[in-house]
Structures are given as structure tokens and as C-alpha cells.
Amino acid sequence: MSTIQFEHNEKAARLIAEHYEMPPLAYVHSYGCQQNVNDAEKIRGVLADVGFGICNGPEQADLILFNTCAVREHAEQRVFGNVGALKGLKEKKPGLIIGVCGCMAQQPAIVEKLKKSYPFVDLVFGVNSIDRLPEMICDRFEKAKRVVEMPGERTEMRTDIVEEIPIRRDSDFRAWLSITYGCDNFCTYCIVPYVRGRERSRRPADILAEFKALVAAGYKEITLLGQNVNSYGKGLEEKVDFADLLEMLCQVPGDYQIRFMTSHPKDASRKLMDTIAAHDKLCKHLHLPVQCGSDRVLKEMNRHYNKAQYLELIDYAKKTIPGVTFSSDIIVGFPGETEEEFEETLELVKKVGYMQLFTFIYSPRTGTKAAAMPDPFTHKQKADRMARLLKAQEEIAFELIGRQVGSTQRVLVEGHGRNEGTLNGRLDNNLVVEFTAPESLIGQWAQVKLTSARGAILLGELQA
Ligand code: 5AD
Ligand code: SF4
């Protein structure tokens, strides 16, 4: 653990107060996963600490930060497009500070491109530098220069965990809580281990302290985050695994439920399933990405499990946890994946019966092993397979969702529904239900009778 550099916070606050007549505004936009959403909350916390107000759009902002994702090329292109679109705004408002941070900023080639082709970008920094933002802002004001921070440039690739970063949460009833950072799995298609570095677990005492503070503040849903939560505890002095951590958190008294993501099947244990079954506070839903259903492709992906082992785990969960539901990530068109291998994925998807699938066409990432593998199939072939997968999944999901109709379930009310006067809430199994109810229920529990299903959305009636 290292200590946040508070002297830069004070100096940044002073420089900001001197520089602006009115308190300046910051807009932080996040792409990609929940870890990034949680990081953006920390970025806003740091910015608020040094005197920025937070705004919800780029127009009024004095500082715009894009917290980026590098998992697929499409996400990167969107970022470049959105950054490019700020050029005009900067011309109108030369004092505007524009920054790019997060996973893309960990890649040397991307940083070079930003340096060369986007001269109006002032700050570029990676995922482990959030606490150093005040220092970078000081440099920006004092030396009037662009600040580009890369692992190995100003600092080594940091592997420590900074616990004291202030946080400004997006919601006052649902919270993200990171328990591990980085990833050691090196799935051959994935850039994450390269950009987020080695896996590190937070100490149980630090997690417990944050968790208790959230419960005390009235948070109703706490989602534990990590690239692979199931390997929690590796490298810690204490002998503790993910199931132990859940067990410990469930002992905290209060009115809340716990979710977690992402579970890697290779590390998901029977002990974990038993723990989920034993505690009401743990949602009966597992996001357990399988990626594909062919043993050969799983091996090529370096996933360390085969189809039979995965299905055995699912069976055990179904037997042990009544009403459990599953969701998964699937990659279509991994290099060399044949038609027959894709059909194995289709078959597995049908066998498991996922409530939700997050499906991706394989996107080559420079520097990963898979990017160097021969890939004879065309994008059109992959897109066709994707369409077939989506169609199969739609039928499965509609069937499963339809089966919920008629039951009355507890939901956490999250916000406004699509239709006027309606709210939406999430069931324990992660499905969304829409129902008519007063706005004051947002952030509260409600009992809702599920009356019908429209696509993936359930409709319901609020029960007294
Ligand atoms: N191409 C397509 N999908 C990918 N994912 C990770 N890397 C890639 C890639 N190169 C998907 C995986 C992972 C999810 C977060 O993103 O399915 O589980
Ligand atoms: Fe990427 Fe695999 Fe790590 Fe998930 S477990 S972040 S897919 S390398």
C-alpha cells in the first residue's frame, strides 16, 4: 500500500482557486467495464477534492476526461472519434483541459497517436495514476505543458494499491467495490493483463471497512468487482479466498444485497456455490463467462477449463442454489474457430440456459497471442454466426423470462422506466421489471408481481 500525495492536492486546490473566477467544472466519461465506472467515481472524487464541480456533459466543462477501454477495437475507435470531436470546443475555449486516461492510455502506440495527431489533448495517464491527477494538474498550470504519463516514463508501472483515494459515487443506493485489480490469466485474446497489470487483492480489512461504511450510509446493493473475483486472496499474507471474503461480508448486519463480477470458471469453486446458497444477502445470479463451447478453442484461448468441467460447475450450482440464474460472455470468431466449433457454443448456450448473454465478435488486440494466430474466416461469416447465436439466445431468454411471470418478487428500484409514470427495478436474478410506482420508491425495495414479459423486459404491478 502506498500513501497518496496530499501536498499536491493542496497545491492543486490553490492553483485552481487562483486560476478560475468561478469554481471550474469537470466532466468525466467512462467507457467499458464496471471497473472503469468505479475508477471514474474515484477520478471525480479526486477532482472534487481539489475544487472542481462535476457536470454531466462536455459543453459547460473546464476539464473533460475520457476514461477509456481497450478490450475491443470498436471501443477505441469511439474514443478517438469523441476526442476528435472536442477540437472545435477547445478552439472556442482555449483554457479547456482535455484528458484521456484508463486502459487505452496504458498502450504506447495509442499514447504516440494521441501525442502526434491530437495536439489539443493535455493529459494522458494510465489506470494506476488516479491519485497523481492533482500533481498533473499542477504541472499543467505551472509549466503550461501537456502531461503524458506512461508506465516507465514518470513512474514505473505501479503495482501498489492506493487505499485513500477519495470517491464520489454515482448512486446513493448501489455501489461498486473493487476487491482485486489487474489480471494474471492472459487469455490469449485479451489485452487486460497488459494494460491493467498483475493481479493484486485488497486486504480483507480494507474491503470490510469500505463495505461497512457503504452499509452504514444506506447502500442497498454492493457489487464486488475484479477481473477474476474467484482468485481473490492470492498473494495476501492472510489465508483467505473469495468464498471466505463473502462469508465475512455477509456477517455485517444491515439491509443490503451483494453481487459480484466477474467469475472465472477455472477458479469458481463448489465452496463458492455453497456459500451463495447459504446466505440470503448474496444474489442468486452468477455471471460465469464461458467464452465458447469448443474444447480446442478454449485451449487456444488459454482458459484452463473444458466444456465438461464448465457444465459440471453449472450443474452443481443449479443443484445447490435454488432458482439460480446465469449470464455469460461469448466471443464469436476466435481465430480459426470452425463452423462445427461454433455449433458447440450454440449447443452449450442451449444446455446452460443463460438468462443473459454478452456477445462479442473477436477483435484482434496488438500484443496478445491470438492476434498472431491465422484467422481464415471473414467478418461476414462471423457476423452471420453472431446473428444465429443472438437468435438462439433470444428464444432461450424469452422462455426463461416468461417462466417468471406470475411470481411476486422483491426488487431494488433503480430508476425511471421507459414508459411515463413507470419505474424499473432489478430482481435478485438480474432481470429488469417495469411497473407503475411513485418516484419516491427509487433506491428502495419493492414487492412486484410479474404480470407479463415484453422482450427481455418484464412488466409488473407494485404490491402494497
Ligand atoms: N475480442 C472480443 N471480445 C473480447 N473480450 C475480451 N477481449 C476480447 C477481444 N479481443 C470479451 C470477453 C470478456 C469480455 C469482458 O470481453 O468475452 O469476457
Ligand atoms: Fe481478460 Fe481473461 Fe483476465 Fe478476463 S480473465 S480480464 S478475459 S485475461
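Taken together, the residues in the stretch 284-300 that are more than 16 Å from ligand 1 (Cβ to nearest atom) and buried (at least 21 other Cβ atoms within 10 Å of the Cβ) amount to 1. Filtering the stretch 407-418 to residues that are open to solvent by 50 Å² or more (accessible area, probe 1.4 Å) and in a loop (DSSP other than H, G, I, E, B) leaves only R418. Of all residues in the stretch 419-437, those satisfying the criterion of being open to solvent by 30 Å² or more (accessible area, probe 1.4 Å), in a strand (DSSP E or B) and touching a Gly at 6+ places or on another chain (Cβ under 9 Å) are N424, V432, T436. Could you tell me whether any residue of the stretch 238-255 is within 16 Å of ligand 1 (Cβ to nearest atom) and in contact with a helix residue (DSSP H, G or I) (Cβ under 7 Å, 6 or more places away or on another chain)? Among the residues of the stretch 238-255, not one is within 16 Å of ligand 1 (Cβ to nearest atom) and in contact with a helix residue (DSSP H, G or I) (Cβ under 7 Å, 6 or more places away or on another chain), which makes the answer no. Looking at the stretch 260-277, can you tell me whether even one residue there is within 19 Å of Q393 (Cα to Cα), open to solvent by 10 Å² or more (accessible area, probe 1.4 Å) and away from ligand 1 (no atom under 16 Å from the Cβ)? The answer is no; no qualifying residue exists. Just for the stretch 326-370: of the residues that are more than 16 Å from ligand 2 (Cβ to nearest atom) and aliphatic (A, V, I, L, M), which one is surrounded by the fewest Cβ atoms within 10 Å (Cβ to Cβ)? Filtering first and then ranking leaves L346. Of all the criteria given as (1) touching a strand residue (DSSP E or B) at 6+ places or on another chain (Cβ under 9 Å); (2) closer than 23 Å to Y219 by Cα; (3) assigned to a helix (DSSP H, G or I), the one not satisfied by S440 is (1).
The number of residues in the stretch 276-292 being more than 16 Å from ligand 2 (Cβ to nearest atom) and in a loop (DSSP other than H, G, I, E, B) comes to 5.
Residue-wise test of (1) modelled with pLDDT of 95 or more; (2) farther than 30 Å from F260 by Cβ; (3) open to solvent by less than 50 Å² (accessible area, probe 1.4 Å); (4) of a type in the set (K, R).
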{"residue": "S2", "(1), (2), (3), (4)": "no, no, yes, no"}
{"residue": "E7", "(1), (2), (3), (4)": "no, yes, no, no"}
{"residue": "H29", "(1), (2), (3), (4)": "yes, no, no, no"}
{"residue": "E41", "(1), (2), (3), (4)": "yes, no, yes, no"}
{"residue": "F52", "(1), (2), (3), (4)": "yes, yes, yes, no"}
{"residue": "F66", "(1), (2), (3), (4)": "yes, no, yes, no"}
{"residue": "R72", "(1), (2), (3), (4)": "yes, no, no, yes"}
{"residue": "A105", "(1), (2), (3), (4)": "no, no, yes, no"}
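Just give me the residues in the stretch 172-201 being touching a Phe, Trp or Tyr at 6+ places or on another chain (Cβ under 8 Å) and either more than 16 Å from ligand 2 (Cβ to nearest atom) or open to solvent by 20 Å² or more (accessible area, probe 1.4 Å) (or both), in sequence order. Walk me through it before giving the result.
Let us first name the residues in the stretch 172-201 that are touching a Phe, Trp or Tyr at 6+ places or on another chain (Cβ under 8 Å), namely 172-175, 177, 179-180, 189, 193, 196-197, 199-201.
Correct list: D172, F173, R174, A175, L177, Y189, E199, R200.
For the stretch 301-315, a tally of residues being open to solvent by less than 50 Å² (accessible area, probe 1.4 Å) and in a helix (DSSP H, G or I) returns 5. Within the stretch 116-156, being in contact with a helix residue (DSSP H, G or I) (Cβ under 8 Å, 6 or more places away or on another chain), of a type in the set (S, T, Y) and at pLDDT 90 or above holds for one residue alone: Y118. All told, A12 meets the bar of being more than 25 Å from the chain's Cα centre (by Cα) and open to solvent by less than 60 Å² (accessible area, probe 1.4 Å). Of the numbered conditions (1) away from ligand 2 (no atom under 16 Å from the Cβ); (2) touching a residue at least 60 places away in the same chain (Cβ under 8 Å); (3) surrounded by 15 or more Cβ atoms within 10 Å (Cβ to Cβ), G323 fails exactly one; give the number of that condition. The single condition G323 does not satisfy is (3). Scan the stretch 230-245 residue by residue and report those that are open to solvent by less than 10 Å² (accessible area, probe 1.4 Å) and more than 16 Å from I161 (Cα to Cα). Matches in the stretch 230-245: S231, F242, A243, L245. Restricting attention to the stretch 440-464, the residues that are under 24 Å from Y256 (Cβ atoms) and over 27 Å from the mean Cα position of the chain (by Cα) add up to 9.
Here R196 passes the criteria (1) among the basic types (K, R); (2) in contact with a strand residue (DSSP E or B) (Cβ under 9 Å, 6 or more places away or on another chain); (3) away from ligand 1 (no atom under 16 Å from the Cβ) except the one numbered (3).
When the stretch 220-229 is examined, which residues are found to be within 16 Å of ligand 2 (Cβ to nearest atom) and open to solvent by less than 10 Å² (accessible area, probe 1.4 Å)?
L224, L225, G226, N228, V229, listed by residue number.
Quick one: P193 ticks every box in (1) within 25 Å of A371 (Cα to Cα); (2) in a strand (DSSP E or B); (3) of a type outside the set (S, T, Y) bar one, so which box is it? Condition (2) is where P193 drops out.
The values are calculated or read from the model by the stated rules, or taken from the named source; none is laboratory data. Predicted model, so just to flag it, every value in this text is computed and none were measured. Cβ coordinates were reconstructed from backbone atoms using ideal geometry, including for glycine residues, and neighbour counts include every protein chain displayed. These area figures cover heavy atoms from the full protein model, side chains too; ligands, DNA and RNA do not enter into them. Shrake-Rupley method; radii C 1.70, N 1.55, O 1.52, S 1.80 Å.
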